[in-house]
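I have placed the structure first, in the form of structure tokens, so that the comments after it can refer back to it.
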Amino acid sequence: MPEVNASWHEDAVEYHAGADISVAVATDGGLVTPIVRDADVKPLSAIAGEIVELAARAKVNRLKPEEFTGGSLTVSNLGMYGIGQFAAIINPPQAAILAVGAAERRPVVDENGALAVASVMTVTLSADHRVVDGAVGARWLAALRKLLENPVRILL
């Protein structure tokens, strides 16, 4: 959704052609957000490998400025620490940040109306409403949910 792939500037909203996704990395010196450039055209395996490499270099202060400057959206994952849900703060000038919680086993009602147990993950989108209003954010989250629930398309 191009409406979310944007950043706020005092004189205009900038819409980005490619999805340059920042990933929040905790370091001894504080939070750093290295960027996976053109994530929208890379397979998930390439993105995962790039995140591992960028995070390792971020932790030893070996990123170049262009590797952590810009980005169109940040993903922050506290789920790896067992946090079920949280609200993340937007990194200006980006328009949004996605907070990813832990996958947890929870009771659900399946498609036949029966009680079942499933892995459920909570994500929270924080958005700058000067760029992304609630309806646009909701449509973006619905599209993300659809991708996550049927990941075949993003694995290729």
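The values are calculated or read from the model by the stated rules, or taken from the named source; none is laboratory data. Fair warning: this is a prediction, and the values are worked out from it, not measured in the lab. Neighbour counts are summed over all protein chains in view; Cβ atoms, including those assigned to glycine, are modelled from backbone coordinates with ideal geometry. We work out accessible area using only protein heavy atoms, side chains counted, and drop any ligands, DNA or RNA first. Shrake-Rupley method; radii C 1.70, N 1.55, O 1.52, S 1.80 Å.
For K42, the aspartates and glutamates whose Cα comes closer than 20 Å to its Cα, not counting residues fewer than 8 places off in the same chain, are D20, E50, E53, E66, E67, E149. A DSSP coil position with no more than 15 other Cβ atoms inside 10 Å describes the following trypsin sites (Lys or Arg not before Pro) in region 54-94: R62. In degrees from 0 to 90, rounded to the nearest 10, what is the angle of the helix 44-59 Cα long axis to the longest principal axis of the chain? It works out to around 50 degrees.
Looking at the calculated P(r) for region 1-69, what percent of the C-alpha pair distances fall above 15 Å?
On the way: 1336 of 2346 pairs.
That fraction is 57 percent.
Of the accessible area of the chain, with the probe set at 1.4 angstrom, what percent is carbon plus sulfur? For the chain, the apolar C and S fraction of the accessible surface comes to 59 percent. Probing with 1.4 Å while keeping every protein chain in the model, the per residue accessible area of the chain equals 61 Å².
Other residues with beta-carbon under 14 Å from the beta-carbon of G84 carry, at +1 per Lys or Arg and -1 per Asp or Glu, a net charge of +1. The radius of gyration of the Cα set in the chain, together with its Dmax, comes out at 16.5, 53 angstrom.
Packing-wise, with mean Cβ within 10 Å as the measure, how do 119-126, 97-104 rank, highest first? Please report the intermediate quantities before stating the final value.
Values: 119-126: 15.5, 97-104: 18.6.
By packing density, highest mean first, the sequence is 97-104, 119-126.
Are there GluC sites (Glu not before Pro) in region 9-96 that DSSP puts in a loop and that have at most 13 other Cβ atoms within 10 Å, and which ones? Filter output for region 9-96: E10.
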